[in-house]
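Structure record follows, encoded as structure tokens.
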Amino acid sequence: GAVVSQHPSWVICKSGTSVKIECRSLDFQATTMFWYRQFPKQSLMLMATSNEGSKATYEQGVEKDKFLINHASLTLSTLTVTSAHPEDSSFYICSAARLGLATHEQYFGPGTRLTVT
Amino acid sequence: AQSVAQPEDQVNVAEGNPLTVKCTYSVSGNPYLFWYVQYPNRGLQFLLKYITGDNLVKGSYGFEAEFNKSQTSFHLKKPSALVSDSALYFCAVREEAAGNKLTFGGGTRVLVKP
């Protein structure tokens, strides 16, 4: 149990276009989902925390108008990179915290590799 | 504010030898500590956690970690490393008062040579 999926696993887009990444908890309900960004050979940087039915909380320095997060249900959160630029190229990872259990764990998706040309 | 340090960018070890990956943390309250492993182009896989109780925590794939409050450390260990343990390892901390927000260390690349 506790499987998190991401779609797509990789995407290439042109500068100026928008890209949507989906994060789904497949076999559990997630109160909270997190979006991270990881640059090559670097650690994960938390971008935002998303709670179902409410606005996401963005970390300092993350542009909320550029990285739109929607947490429409207890099993789905989406990250939309708007007007993408090459510097947005990165590995984006989501995670989900399980509803109703004090497991203290986050379950991570497999990541999405975004390349902006 | 919570923070995590992994002082070694890379650890090299021969297969069959003990493996240790170091982690120190800083929190203002009680820490919840985690270790994750990441294989190339993949998400993070949970290895183990310390929440409370015994300082020695046993996790997946033969890994264990020891919580040391006085040294604010949570080093990851494996008695006998395998080539398949070669990966990127992340230590993470969460303060009790910080909700579910995790702070990650910079990561340590482990290379196990045959």
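Every number here is computed from the coordinates shown, using simple stated rules; none is lab data. All values derive from a computational prediction rather than experimental measurement. Positions of Cβ are generated from backbone atoms using ideal geometry, with glycine treated the same way; all protein chains shown enter the neighbour counts.
General observations
- Positive-end ranking of A:83, A:61, B:105 along the dipole of the protein assembly as shown, with charges on Cβ about the Cα centre, is headed by A:83.
- Dipole magnitude of chain A about its Cα centre (Cβ charges: Lys, Arg +1; Asp, Glu -1), debye to nearest 20: 160
- Looking at the range A:1-56, the trypsin sites (Lys or Arg not before Pro) that sit in a DSSP loop and have at most 13 other Cβ atoms within 10 Å of their own Cβ are A:14, A:41, A:55.
- Value of D in µm² per second that Stokes-Einstein yields for chain B, Kirkwood Rh from Cα pairs, at 10 °C (1.306 mPa s): 113
- Calculated log₁₀ intensity ratio I(q)/I(0) where the Debye formula runs over C-alpha points of the protein assembly as shown, q = 0.08, 0.10, 0.15, 0.18 Å⁻¹: -0.29, -0.46, -1.01, -1.35
- Once both labels are positioned 7 Å from their Cα atoms along Cα-to-Cβ, the gap between residue B:83 and residue A:72 label points is 4.6 nm.
- Once Rg and the Kirkwood radius are both taken over the C-alpha atoms of chain A, their ratio Rg/Rh works out to 0.95.
- Charge tally for residue A:6 (other residues, Cβ to Cβ under 9 Å; Lys, Arg +1; Asp, Glu -1): 0.
- Near residue B:59: Cβ cut-off under 14 Å, other residues only, Lys/Arg at +1 and Asp/Glu at -1. The net charge is -1.
- In angstrom, the C-alpha Rg and Dmax of the range A:27-94 are 12.1, 35.
- Computed about its Cα centre, the charge dipole of the protein assembly as shown is approximately 240 debye, with only Lys, Arg, Asp and Glu carrying charge at their Cβ.
- Surrounding net charge for residue A:32, when Lys and Arg each add one and Asp and Glu each subtract one, Cβ distance under 15 Å: +2
- Furthest towards positive pole of dipole, B:1, B:55, B:79, structure part the protein assembly as shown, Cβ charges: B:79
- Beta bridges from DSSP with both residues in the protein assembly as shown: antiparallel share about 90 percent, rounded to the nearest 5.
- Relative to its residue count, the range B:55-111 spans a Cα convex hull of 107 Å³ per residue.
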